[in-house]
1. For a quick check of your reading of the model, give me the residue pairs whose first member lies in the range 185-212 and is in the same structural domain as residue 109 (by TED's automatic domain parsing), whose second is outside any loop (DSSP other than H, G, I, E, B) and of a type in the set (Gly, Ala, Ser), with beta-carbon atoms closer than 6 Å and at least 6 apart or on different chains.
2. Mind listing just one residue for me: the one in the range 154-184 that is under 16 Å from the mean Cα position of the chain (by Cα) and in a loop (DSSP other than H, G, I, E, B) and, of those, surrounded by the fewest Cβ atoms within 10 Å (Cβ to Cβ)?
3. Got at least one residue in the range 248-267 being touching a strand residue (DSSP E or B) at 6+ places or on another chain (Cβ under 9 Å), surrounded by fewer than 17 Cβ atoms within 10 Å (Cβ to Cβ) and either over 26 Å from residue 45 (Cβ atoms) or touching a residue at least 12 places away in the same chain (Cβ under 8 Å) (or both)?
4. How many residues does the range 86-98 contain that are buried (at least 17 other Cβ atoms within 10 Å of the Cβ) and not hydrophobic (A, V, I, L, M, F, W, C)?
5. If you scan the range 185-197, which residues turn out to be among the aliphatic types (A, V, I, L, M) and either under 22 Å from residue 61 (Cα atoms) or surrounded by 18 or more Cβ atoms within 10 Å (Cβ to Cβ) (or both)?
6. Here is a list of conditions, (1) more than 23 Å from residue 142 (Cα to Cα); (2) under 17 Å from the mean Cα position of the chain (by Cα); (3) not in a helix (DSSP H, G or I); (4) not β-branched (Val, Ile, Thr), and residue 222 meets all of them except one; can you say which number that is?
7. Being among the small types (Gly, Ala, Ser) and within 26 Å of the chain's Cα centre (by Cα) is the filter; apply it to the range 12-34 and report the residue that is surrounded by the fewest Cβ atoms within 10 Å (Cβ to Cβ).
8. Just to be sure I understand the filter: pairs with C-beta atoms under 6 Å, separated by 6 or more residues or on different chains, first member in the range 109-135 and in the same structural domain as residue 178 (by TED's automatic domain parsing) and at pLDDT 95 or above, second member among the aromatic types (Phe, Trp, Tyr) and assigned to a helix (DSSP H, G or I). Which pairs pass?
Amino acid sequence: KQFALENLGESEDIAKSSVLEIQKFLKDFPEINAHNDERFILFFLRSCKFDVEQTKNRIRNFYKQRAERDEWFVQRDPFLPEISELLSIGVFLPLREKDAENRQIVIIRTAAHSPSNHKQNDVFKVGRMILDYLVSIDESISVYGIRAIFDMQGIAFGHALQMTPMLIKRAVNSWDSYPLRIQKLEFINANLGINVVLDIFRSFMSAKMKERVSVTRGKPNYKASDNLPKELGGNVDSYSILASHWKQLLEKNYQWFQEDEKYKSLI
């Protein structure tokens, strides 16, 4: 509670009045077709530090995106072959341990998939499926935020070709509408050839987001105590164990995705 008050401006009174205002807003604009429960609204309010007008805009953009981007938000079925395969590979891996600042660590393995066999939109789709489910079960993420580590080990020309400027723009805009605060974006194992793609990413980022980006050419000097996977020199679950964990969890919660898919703007 103290952290939320000092860093987000959240108190019980502010939270209560702000939630009521957002619930009224959603009632006045039913075409947004959003989750209107208190818990989910609080996620959006925290991501905007309880600026109610900013929260309204973020909610509009979030549900509009869900309606417009069928390639990410329709048929979110963990048993579809193309989705199941990417889950097995482990392209998007939230860790089960938080970092020293209680932030959720997410490893995004940008080159784990084969560009000739997998669509980049399916890679993004898997990431959003896992992220949406994760947020639904762990409220602390909305308070402490996310630390994203992009492991670029093995990246090739084919991966870079998949990342068109339009797709990168959509990805960055997607981050900006999510009910989350991204605290750090760490690009690791990056080679010189990937500079062009990183520059395109930066061109669509806000000034604040750009300040949170770091790029390490080789393997970063993480400590064994950093709550990171073995592949990054840490002492927690390996990539393969994490991939298996998230695949099983999404398959077990197939029905949750079917229910969640209906929440999108009525356009």
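The values are calculated or read from the model by the stated rules, or taken from the named source; none is laboratory data. Note that this is a predicted model, so its numbers are computed, not measured. As a convention, Cβ positions derive from the backbone with ideal geometry for all residues, glycine included, and neighbour counts pool all protein chains shown.
1. Correct list of pairs: 185/148; 186/214; 197/160.
2. From the range 154-184, those under 16 Å from the mean Cα position of the chain (by Cα) are 167-184; that's our starting set.
After this cut, where a residue has to be in a loop (DSSP other than H, G, I, E, B) as well, the list is 178-181.
On the way: 178: 20, 179: 22, 180: 20, 181: 18.
Taking the candidates together, the pick is 181.
3. The answer is no; no qualifying residue exists.
4. Just the residues of the range 86-98 that are buried (at least 17 other Cβ atoms within 10 Å of the Cβ), to begin with: 86-87, 89-95.
The next check asks that each one be not hydrophobic (A, V, I, L, M, F, W, C); those that pass are 90, 94.
Residues that pass the stated criteria total 2.
5. Step one: list which residues in the range 185-197 are among the aliphatic types (A, V, I, L, M), which gives 185, 188, 190, 192, 194, 196-197.
Matches in the range 185-197: 185, 188, 190, 194, 197.
6. (2)
7. Residues of the range 12-34 that are among the small types (Gly, Ala, Ser), as a first pass: 15, 17-18, 34.
Those left that are additionally within 26 Å of the chain's Cα centre (by Cα): 15, 18, 34.
Working: 15: 19, 18: 22, 34: 23.
In this case the residue turns out to be 15.
8. So the pair list comes out as 124/72; 125/72; 128/72; 130/246.
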